Amino acid sequence: MAARVGIPSSLFYYVHFPMWQTFFSELGIEVVVSGQTTKNLLDAGVKEALADACVPVKLFFGHVISLKDKVDYLFVPRMVCLNRKTIYCPKFLGLPDMIRHGLSGLPPLIDVQMDNREGFAAQWKAYLQIGSIFGLGRLKILRAYIKATGSARRFKSLLLEGLSPPEAMDVLFKGGSASPAVKKRSGLVFAVLGYPYEVHDPFISVGLVNKLQKMGITVITMENLSPGKLSRANILEKKMFWTFSDIALNAAYHLFKAGTVDGIIHLTAFGCGPDSMVDKLMEISSKDYPETPFMSVTIDEHTGDAGISTRLEAFVDMVKRKKEARERLCQR
Amino acid sequence: MPKVTFPRMGESYRCFKMLMNDLGNEVIIPPRPNKKTLDHGVRHSPEFACLPLKILTGTYIETCQMGAEIIVTSGGSGPCRAGLYGQLHQKILKSIGFPVDIIVFEAPKSHPIDFIRKVNRLNAGRLSYRAVWECIKRGWEKLKYLDDAEKMTHVARPREVNRGETTRVYREVLEWIDSAYTFKEIREAGEAALDTIRAVPQDSARQILKVGIVGEIYVLLEPASNLEMEETLGNLGVEVHRSMFLTGWTRDNTVKETSEHLSVKDAARPYIPLCIGGHGQETVGHTILYSKEGYDGVVQMAPFTCIPEIVARTILTRVSREHSIPVMTFFLDEQTGKAGMSTRVEAFVDLMRRKKALFKSSGARLMVN
Ligand code: SF4
Ligand code: SF4
């Protein structure tokens, strides 16, 4: 029987899952995911995780709990640095430790460290290490690795075409259509900035993206913007040193300057350390660009549907009025 | 003369004041963080910023109102928020009408040129490098005595015969160290201070508990930010040992890793194998070391939302069980009240006393060194 590896559908799932899925299935290992977040899942996580942790980490605990009895291994790699410049949030660095010592009754954890600052072949070595756990040969692992990087590349280019991570995963693994049909460019365009595991998790974000789309708004997220553009947008003397925070902040700087969107919403989680800085920096910067309205939305485990809807509607109304006023001014 | 200020961390300001004066600057002494400081800080900082950032925002605003033109602070060695404090503070202060300069010192080992350039900027009196080095050495000497005096109060306070005497004596001798200037004076004043604290009448028969203090550096070093935890514990007959001092910490970061530091990392390794930024790894490592050294308990103090300490806390639950040492954590924010905290501290001290009594009566030998 093929070994089963569990991958929690949270945190880095939205960024690296295609690569991992391909890698494991090429090796003949079955991948089990925890699937969409549900209320039960979140409640389980909230119960087990430290009360002071941020919502996404609590949620990750929940995903792990729902998987732990169904799999032979749990895949919780220690993501340190992938681009040789910025590192992940300290909670990512300590994630395997928090899981291992914070929960009991777990299957063996695969917590290989991924730190590309260790050398150019560091990533391959990490994957080699993962493959070796299953006693597989080097060549087989190499082939799977090459396929996996291909998959990661395709995933990235789908994102740059304007798909969201879940949509792109559908295309890759379920044969969904690659044309971003829903993304017709009419009416308003909003950017929803925030960490992928918040923005693309419809449960924890209380369906924020969906709600906007229902109001006829085109939504872009930071995955849709080219990394080159983003790193050029940085205006800080000292870089934000956390990977996701750096991207989110630069996305804001870029979009403020370019003026290509009608509004920017920053989605942030209660108790998130890095975001307290990111959000303030965005807010300060937004004052320099009054043409692009900015709003930040904080979510936690109790965030209600109604509250978010009201705030979104008010914001959208404001943006619409502003835009109309501007157009009228132009006509005159 | 440029008007310079810096963050306040416990009594260390006495040393920085002397150093900045020597370099030819006028010093604006940062006031002890109080209600007003916090109000300013909370108003102008991000809501979920960690407490140190808020207190510093408040302190900076107060010193700016007093006329400060340059703020000197240190960057971060770890990948934590503190590394970006300087930039954020600059932006915040500018947005509310204080266009001060913030000079952020990074560790000289990794940014040597930058370090020298910044020293030059503060060297308003145009001293030679040699003279600057002399000043730094003198400042360091003072800082060491300030730290030593504080350490001594941790031992003396739980045993004092007259409640509050150690604190009163400590306040007095700090002024001696403060007014000393030359090397010789600093040593004299320092030794006299230590002797005087040592001479506070003590009750040697008293049952003393020993507690290690771990956590995030700022809240550990600034008593105003931790609601005088060490004093509270001392008054309850608890000798505290703090895992971090400015002289200890800076020594590790600027020169070389001391052997003690390495063993802290080694101790932490089975639980948390790499540095996650801030002092999360040290918190775990020190807790284990305290347990090995026979301490009765550990108090962890950290700002609310502090990232590395949250990771550490999650792990400490197991550490506490496996090394059978009680750990109590305080996540501090601007709403933390002294009354509530004291109640929890008292309960914790009770728990440790009961545990100790149980241990004794069961005939087991307690190893304390
Ligand atoms: S970046 Fe924020 S939300 Fe994400 S793990 Fe870190 S603290 Fe939590
Ligand atoms: S260690 Fe904690 S308090 Fe210090 S900057 Fe980081 S999050 Fe803030």
Sort B:236-242, A:274-280 for me by packing, meaning the mean count of neighbouring Cβ atoms within 10 Å per residue, highest on top. A:274-280, B:236-242
Using a 1.4 angstrom probe on heavy atoms only, work out the carbon and sulfur share of the accessible area of segment A:38-113 in %. 50
Note the full-extension length gain between residue A:111 and residue A:320 as 0.36 nm times their separation in residues minus their Cα-Cα distance, in nm to one decimal. 70.4 nm
Sorting check: for A:90-98, A:216-224, B:104-112, which peptide has the highest mean count of neighbouring beta carbons within 10 Å, and how do the rest follow? A:90-98, A:216-224, B:104-112
Based on the mean of other Cβ atoms within 10 Å per residue, sort peptides A:136-142, B:290-296, B:116-122 so the most packed one is first. B:290-296, B:116-122, A:136-142
Could you tell me how many degrees, from 0 to 90 and to the nearest 10, lie between the Cα long axis of helix B:338-361 and the main elongation axis, the longest principal axis, of the Cα atoms of chain B? 40
Pairs from B:3/B:54; B:3/B:338; A:214/A:323; B:35/B:94; A:70/A:147 whose Cα-Cα separation, in the structure shown, is over 29 Å: B:3/B:338
For chain B, what relative contact order do you get, as a whole percent, if you take Cα pairs closer than 8 Å and at least 6 residues apart? 16
Using the Cα centre of the protein assembly as shown as the reference point, and only Cβ charges (+1 on K/R, -1 on D/E), how large is the resulting charge dipole? Debye, rounded to the nearest 20. 1460
Pop a pseudo-label 7 angstrom from the Cα along the beta-carbon direction at both residue B:343 and residue A:330 and give the gap in nm to one decimal. 6.1
Between B and A, buried accessible area summed over both sides at probe 1.4 Å, in Å² to the nearest 100? 3100
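If you stretched the chain out fully between residue B:205 and residue B:183, how much longer would it get, using 0.36 nm times the residue separation minus the C-alpha to C-alpha distance?
4.1 nm
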DSSP H helices in chain A with Cα extent of 24 Å or more along the helix axis and mean Kyte-Doolittle hydropathy at least 0.0? A:138-160
Per-residue average of other protein chain Cβ atoms inside 10 Å, peptide A:229-238 -> 2
Charge dipole magnitude, Cβ of K and R +1, D and E -1 - chain B, Cα centre, debye nearest 20: 480
Structure-based [θ]222 nm, chain A - -39500 (n - 2.57) summed over DSSP H runs of at least 4, per residue, nearest 500: -16000 deg cm²/dmol
Work out which residues of segment B:290-329 lose at minimum 30 square angstrom of accessible surface when the other protein chains are put back, relative to the chain isolated, with a 1.4 angstrom probe, and list them by number. B:304, B:305, B:307, B:310, B:311, B:314, B:315, B:318
Using only C-alpha atoms and all pairs of different ones, pull out the Kirkwood radius for segment B:3-127 in Å with one decimal. 14.8
Only residues of segment A:50-69 count here: report those whose backbone N is under 16 Å from the spot 7 Å along Cα→Cβ of residue A:40, or say none. A:62-69
Of A:238/A:287; A:68/A:91; B:137/B:265, which pairs sit farther than 26 Å apart, going by alpha carbon to alpha carbon? B:137/B:265
For segment A:4-167, what does the accessible surface come to per residue with a 1.4 Å probe? Please give it in Å². 39
Per-residue ellipticity at 222 nm attributable to helices in chain B (runs of n ≥ 4 DSSP H, -39500 (n - 2.57) apiece, nearest 500 deg cm²/dmol) works out to -17000 deg cm²/dmol
Once you compute Rg and the Kirkwood Rh from C-alpha atoms, what is the Rg to Rh ratio for chain A? 0.98
Leaving out ligands and nucleic acids, and using a 1.4 Å probe, what accessible area per residue does segment B:82-181 come to in Å²? 51
What angle, in degrees between 0 and 90 and rounded to the nearest 10, separates the Cα long axis of helix B:112-122 from the longest principal axis of the Cα atoms of chain B? 70
Cα-projected label distance for residue B:336 with residue B:36, points at 7 Å along beta-carbon direction, nm: 2.4
Take peptide A:47-57, look around each residue's Cβ out to 10 angstrom, count Cβ atoms belonging to other protein chains, and average those counts. 4
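Once the convex hull of the alpha carbons of chain B is built, what does its volume come to per residue, in cubic angstrom?
Spread over its residues, the Cα hull of chain B gives 137 Å³ apiece.
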In whole percents, the bins of 5 Å from zero upward hold the Cα-Cα pairs of segment A:4-167 as 1, 9, 17, 21, 21, 16, 10, 3, 1, 0
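Normalised by the residues of chain A, what does the relative contact order come to in percent, with Cα pairs under 8 Å and at least six apart?
On the way: 513 pairs, mean separation 54.4, N = 332.
For chain A, the relative contact order is 16 percent.
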Taking chain B as the reference, fit the longest principal axis to its C-alpha atoms, fit the long axis of helix B:51-65 to the helix C-alpha atoms, and give the angle between the two in degrees, 0 to 90, nearest 10. 40
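Please give the average number of partner chain Cβ atoms lying within 10 Å of the Cβ of each residue in B:272-282, rounded to a whole number.
5
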Rule-of-thumb Rg ratio for segment B:207-369 [Cα; 2.2 N^0.38 Å; N residues]: 1.01
Measuring from its Cα centre, chain A shows a charge dipole (+1 at each Lys and Arg Cβ, -1 at each Asp and Glu Cβ) which, in debye to the nearest 20, is 1060
How far is it, in nm, from the label point at residue B:107 to the one at residue B:191 when both lie 7 Å from their Cα along the line to the Cβ? 3.5
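Output the direction-averaged projected area (hull surface divided by four) of the convex hull of the alpha-carbon atoms of segment B:158-204, in nm².
3.1
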Carbon-plus-sulfur fraction of the accessible area of segment A:182-331, 1.4 Å probe, in percent? 54
Pick out, from A:155, B:92, B:328, the residue whose Cα sits farthest towards the positive end of the charge dipole of the protein assembly as shown, with +1 on the Cβ of Lys and Arg and -1 on the Cβ of Asp and Glu. A:155
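How much length, in nm to one decimal, is gained on full extension between residue A:118 and residue A:236, taken as 0.36 nm per residue of separation minus their Cα-Cα distance?
Here the answer is 39.9 nm.
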Based on the alpha carbon coordinates of the protein assembly as shown, what radius of gyration and maximum Cα-Cα distance (Dmax) apply, in Å? 27.5, 94
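The values are calculated or read from the model by the stated rules, or taken from the named source; none is laboratory data. Since we're looking at a predicted model, the values are computed, not measured. Here the Cβ is made from the backbone with ideal geometry for all residues, glycine too, and neighbour counts use every protein chain on show. Ligands, DNA and RNA are stripped out before the accessible areas are found, and what is left, the full protein with its side chains, is counted by its heavy atoms. Shrake-Rupley method; radii C 1.70, N 1.55, O 1.52, S 1.80 Å.
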